[in-house]
Amino acid sequence: MLIFDREDQMLKFMMEQWEDISKEGIGRRGCFTVGLSGGKTPIVFYQKLAEWDRKSSWERTQVFLVDERFVPPDDHDSNYKMLKETLFVKIPIPQENIHPIPTGKGSLEGSAREYEGEVRRFFKVSKGQYPAFDFILLGIGEDGHTASLFPGSKVLSESNHLTAAVVLDKTRHDRITLTLPVINHAEHVIFFVRGKNKAPVLKKIIGGDDASLPASMVQPRSGNLLFVIDREASSELSG
Ligand code: 6PG
């Protein structure tokens, strides 16, 4: 776990992680595979990333989305729209290296299966196997959710599928998410968390007080897990 007092230092560290992990992935497999989350917190990081003008590295970077709201890609609440505007339009990444979650038409379940097919095809994994992303970037919600894995959801025990449809109450958009085993097969997982409102839940997750919280269930089998957090989010941690 790393706690930062200053945003610029936090972002510098994230950029160093990105550089190192991408170099590792490109060296090992010829490409860097990454899963990016939505939410507000990572926007500053995506803005910073947009300044990374390594054409040859972007050409070898494959970007997947960790989760998505079941809305058209130009909807205000779409993670793809946020990523497109903050990052994709600003970097020299080939369009075919971007793997959005297909939404906006058809059924929620159909979208989840279509995205699963895309992940399977890209990573060449058959049933019973999981892809090993080089890097998955996650956030944490105040209720302990991460990706679109919510507390108490039956999707938390999904082990046959790489992606799942998440039906939420009427006040929220339904979603599609990568499943827990996919996250836990990644080489590097980073939780990027900022703000005082996240302090109580971080205390529960890091203190091990509630193992049933989705973010607590992120435990990579052999990969690295890192919490990159700001001072405010760390304010209820002891020691
Ligand atoms: C999303 C996410 C979600 C997010 C958390 C934290 O699409 O919203 O993937 O899991 O990371 O809700 O969101 P904030 O960064 O906005 O607090």
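The values are calculated or read from the model by the stated rules, or taken from the named source; none is laboratory data. No experiment lies behind these values; they were computed from the predicted model shown. Neighbour counts run over all protein chains shown; Cβ positions are idealised from the backbone, glycine included. Ligands, DNA and RNA are stripped out before the accessible areas are found, and what is left, the full protein with its side chains, is counted by its heavy atoms. Shrake-Rupley method; radii C 1.70, N 1.55, O 1.52, S 1.80 Å.
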Hey, what did the stretch 85-202 get for relative contact order, percent, Cα under 8 Å, at least 6 apart? 28 percent
Using a basic spin-label model with each label point 7 Å from the Cα along Cα→Cβ, how many nm lie between S235 and A50? 2.9 nm
Do the alpha carbons of any pairs in K12/K198; K170/K198; K12/K124 sit beyond 27 Å of each other, and which pairs? K12/K124
Rounded to whole angstrom, the alpha-carbon centroid of the stretch 116-147 lies from that of the stretch 212-230 at a distance of 14 Å
Between K124 and D209, with labels modelled 7 Å along Cα→Cβ, what's the label distance in nm to one decimal, could you check? 4.7 nm
Which order, highest average first, do 17-23, 183-189 follow once you tally other Cβ atoms within 10 Å for each residue and take the mean per peptide? 183-189, 17-23
If you take the beta carbon distance between S159 and V89 as r and set R0 to 45 Å, what does 1/(1 + (r/R0)^6) give as a FRET efficiency, to the nearest 0.05? 0.75
Give, as a single signed number, the net charge of other residues whose beta carbon lies under 11 Å from the beta carbon of A186, with Lys and Arg counted +1 and Asp and Glu -1. -1
Expected output is a single nm value to one decimal: the length gained when fully extending between L168 and L226, i.e. 0.36 nm times separation in residues minus the C-alpha distance. What is it? 18.0 nm
In deg cm²/dmol and to the nearest 500, what is the mean residue ellipticity at 222 nm of the chain if only DSSP H runs of at least 4 residues count, each as -39500 (n - 2.57), divided by the residue total? -9000 deg cm²/dmol
Apply the a/c threshold of 1.5 to the C-alpha gyration tensor of the chain and tell me whether it is rounded, prolate or oblate. rounded
Reachable lysines, given that their alpha-carbon falls under 19 Å from the alpha-carbon of K55 and they are not under 8 places away in the same chain: K23, K84, K90
Please calculate how many Å² of accessible area the stretch 92-239 carries per residue, with a 1.4 Å probe and no DNA, RNA or ligand atoms counted. 46 Å²
Once normalised by the length of the stretch 1-145, the mean sequence separation of its alpha carbon contacts under 8 Å that are 6 or more apart gives a contact order in percent of 27 percent
Express the carbon and sulfur contribution to the solvent-accessible surface of the chain as a percent, rounded to the nearest whole number, probe 1.4 angstrom. 49 percent
